[in-house]
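Undergrad: Following this message is one structure expressed as structure tokens.
The values are calculated or read from the model by the stated rules, or taken from the named source; none is laboratory data. Small disclaimer: the values here were computed from a predicted structure and weren't measured. Every residue, glycine as well, gets a Cβ built from its backbone with ideal geometry; the counts of neighbours run over all protein chains shown. For the accessible areas, the whole protein counts, side chains as well, though only heavy atoms, and no ligand, DNA or RNA atoms are used. Shrake-Rupley method; radii C 1.70, N 1.55, O 1.52, S 1.80 Å.
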Amino acid sequence: ASGMAHEVNNPLGGMHNAIATLRKHGDDVSARERALDLVERGLEGIRNVVRATLVVYKDEPEANCLTPADLDDLNYLIQHEVSRRKLEVSWNNRLTSTLQVKRSSLRQALLNLLLNACAASPVKGSVRFEAWREGDLLKVSITDEGPGLPKPFASMLENPVEAKLPQTSAGLGIWTSLRLISNEGGRFDVSYPPTGGTQIVVTVAVKDEGVFDEAA
């Protein structure tokens, strides 16, 4: 909820500023056009966030099917954070077909990790996202240029049995992602590239349709 509020509040703030500009300089054609352009972009951003959020949280019968577009929707949810921090995002989704993966859990977990990556990376830094299928596994890599994920949080991801709920907001997103992925039998691999930052690779099994039929 905090992440969603953040993604909506960013464009709202810009739109309020644009309205103030219109009230003060509405007779100036160039100022008016700039303000209206900002309002229009803000509304488009909120619309994209709402659309993507509905897909993430809607309880649909086909929730066990993940499409390539389901992952690409996450890019919309982080765009205002990306713009605010002037980040460069490298988005490489190599999936080409629908996979039998628990969609809602995976997307919520990845959204948390992406928002963390944006927050960790310095202003004008970069965040890299890559998703691909490797046999009967789905792998998603998220890399930032931050100071490095603190070791206690990295240990939390790689040792889910011993992980405890953080007593403060720090690490809550990591813990939530851990619970979501662990409940689906997935795992995390954390590494620290020589160039700096943190790379987190999420791995989950791609199930056969028959598995879901039997479960039903």
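Undergrad: If I ask for residues that are polar (S, T, N, Q) and either closer than 29 Å to Leu113 by Cα or loosely packed, with under 12 Cβ neighbours inside 10 Å (or both), which ones from the stretch 1-44 would you list?
TA: Step one: list which residues in the stretch 1-44 are polar (S, T, N, Q), which gives 2, 9-10, 17, 21, 30.
Across the stretch 1-44, the qualifying residues are Ser2, Asn9, Asn10, Ser30.
Undergrad: Residue by residue through the stretch 111-149, note down the ones that are among the basic types (Lys, Arg) and either under 12 Å from the mean Cα position of the chain (by Cα) or under 15 Å from Val202 (Cα atoms) (or both).
TA: Result: Arg128, Arg133, Lys139.
Undergrad: Then there's this: Given the criteria within 19 Å of Val49 (Cβ to Cβ), of a type in the set (S, T, N, Q) and modelled with pLDDT under 95, does Gln108 qualify? So that I can check it myself, show each step before the final result.
TA: Values: within 19 Å of Val49 (Cβ to Cβ): yes; of a type in the set (S, T, N, Q): yes; modelled with pLDDT under 95: yes.
It is true that Gln108 is within 19 Å of Val49 (Cβ to Cβ), of a type in the set (S, T, N, Q) and modelled with pLDDT under 95.
Undergrad: Continuing with this model, one more query. I'd like to check something: does the stretch 114-127 contain any residue that is open to solvent by less than 10 Å² (accessible area, probe 1.4 Å) and within 16 Å of Arg187 (Cα to Cα)?
TA: First, pick out the residues of the stretch 114-127 that are open to solvent by less than 10 Å² (accessible area, probe 1.4 Å): 114, 117-118, 121, 125, 127.
With the extra rule that they be within 16 Å of Arg187 (Cα to Cα), the set shrinks to none.
No, there is no match, as no residue in the stretch 114-127 is open to solvent by less than 10 Å² (accessible area, probe 1.4 Å) and within 16 Å of Arg187 (Cα to Cα).
Undergrad: Pull out all pairs, ordered by first then second residue, where Cβ-Cβ is under 6 Å, the residues are six or more apart or on different chains, the first lies in the stretch 82-110 and is farther than 13 Å from Thr203 by Cα and without any contact (Cβ under 8 Å) to a residue 60 or more places away in the chain, and the second is in a loop (DSSP other than H, G, I, E, B) and open to solvent by 20 Å² or more (accessible area, probe 1.4 Å).
TA: Arg85/Val123; Lys86/Val123; Lys86/Lys124; Thr98/Thr67
Undergrad: Given the options Leu172, Leu157, name the one that is buried (at least 21 other Cβ atoms within 10 Å of the Cβ), among the hydrophobic types (A, V, I, L, M, F, W, C) and at negative phi.
TA: Values: Leu172 fails: buried (at least 21 other Cβ atoms within 10 Å of the Cβ).
Criteria check complete, one pass: Leu157.
Undergrad: Quick check: is even one residue across the stretch 124-137 polar (S, T, N, Q) and touching a helix residue (DSSP H, G or I) at 6+ places or on another chain (Cβ under 9 Å)?
TA: Restricting attention to the stretch 124-137, the residues satisfying the condition of being polar (S, T, N, Q) are 126.
Within this subset, residues satisfying the condition of being touching a helix residue (DSSP H, G or I) at 6+ places or on another chain (Cβ under 9 Å) are none.
No - not one qualifying residue is present in the stretch 124-137.
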